[in-house]
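Laboratory data are not the source of any read-out in this text; all were calculated from the coordinates shown. Computed from a predicted structure; not experimentally measured. Neighbour counts run over all protein chains shown; Cβ positions are idealised from the backbone, glycine included.
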Amino acid sequence: MNAPDSAGLTFDDRGLIVAIAQDLTTGAVLMVAYMDREALARTVETGEAHFWSRTRQAVWHKGSSSGNVLHVEEIQTDCDADALLLSVHPSGPACHTGQRACFAAPVTILDQLDATLRERQTQRPPGSYSATLFDGGRAAILRKLGEEAVEVLLAGAQESDEALTNEVADLWFHTAVLLRERGLSLASVLDIMAQRRRGAAPH
């Protein structure tokens, strides 16, 4: 992990420094907290964010009880060395309220789809198409996904733009169902795309 040497940082008179956690995939600011030298050292050592709790007056491991840890890829400092920027992959909501971030942000259609599929998989409400797919198991989902892929190919070769975009929407939906059945989220795919964007030549 790339991280600054604490010896070069400017901590305040309480021994704290501002730490901003930013989602590496979306660029969204998730939360603002404080670190002392120990919290910074533990973060670098474990790869998971640790902060200083002004309420508890102790270092705390973010997500230690909820499981919503922040996996830290990089720590940068600002030009005055008195604030830190943590580039993170969140494993769940960053805010204690259950929101994705501590700052208000619009919920995307992909967020909504992911949340809906999670609920359908858990509760299996009668009459739900998604629940029917989950009931059929992975083999049934894969079979349906294959059908949708063929329909995209046919629409791309022979049909209108509107037909193609509709078929692609169906393919994306069924791909999201497969990911959820495998215990994955759409965010995991976005993470891969972001990593490729940062590390690969332009496509």
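If the chain linking Arg197 and Asp5 were pulled fully straight, counting 0.36 nm for each residue of separation and taking away their Cα-Cα distance, it would gain 66.3 nm. Rounded to the nearest Hz, the phi-derived 3J(HN,Hα) couplings of segment 177-188 under the Karplus curve 6.51 cos²θ - 1.76 cosθ + 1.60 (θ = phi - 60°) are 5, 4, 4, 5, 5, 7, x, 10, 10, 4, 4, 5, where x marks glycine and proline.
Listed values [x] 168; [y] 111; [z] 125 include one computed from this model; for volume of the Cα convex hull per residue in Å³ that value carries the label [x]. With a ≥ b ≥ c the root eigenvalues of the C-alpha gyration tensor of segment 109-199, is it rounded (a/c under 1.5), prolate (a/b larger than b/c) or oblate? Oblate, because a/c is 1.5 or more while a/b does not exceed b/c. A Förster radius of 25 Å, combined with the Cβ-Cβ distance separating His71 from Asp12, puts the computed FRET efficiency at roughly 0.40.
Projecting the Cα positions of Gln76, Leu113, Gly92 onto the charge dipole of the chain (unit charges on Cβ atoms of Lys, Arg, Asp and Glu, taken about the Cα centre) puts Gly92 furthest along the positive direction.
Each peptide among 151-158, 29-36, 9-16 gets the average number of other Cβ atoms lying within 10 Å of its residues, and from highest to lowest they stand as 29-36, 151-158, 9-16. Computed from phi, the 3J(HN,Hα) profile of segment 168-176 under the Karplus parametrisation 6.51, -1.76, 1.60 (θ = phi - 60°) reads 5, 4, 4, 5, 4, 4, 6, 5, 5 Hz, with x in place of Gly and Pro. Note on Lys62, Lys144: ascending count of other Cβ atoms within 10 Å places them as Lys144, Lys62, the fewest first.
For the chain, relative contact order (Cα pairs under 8 Å, six or more residues apart, normalised by length) works out to 16 percent. Classification of segment 6-90 by its C-alpha gyration tensor yields an oblate form. The axis ratio a/c (a ≥ b ≥ c) is 1.5 or more, and b/c is at least a/b. Cysteines of the chain lacking any other cysteine Cβ under 4.7 Å from their own Cβ: Cys79. Sequence-ordered 3J(HN,Hα) estimates for segment 123-138 from the Karplus curve with 6.51, -1.76 and 1.60 and θ = phi - 60° stand at 9, 6, x, x, x, 8, 5, 4, 4, 4, 5, 5, 4, x, x, 4 Hz, glycine and proline given as x.
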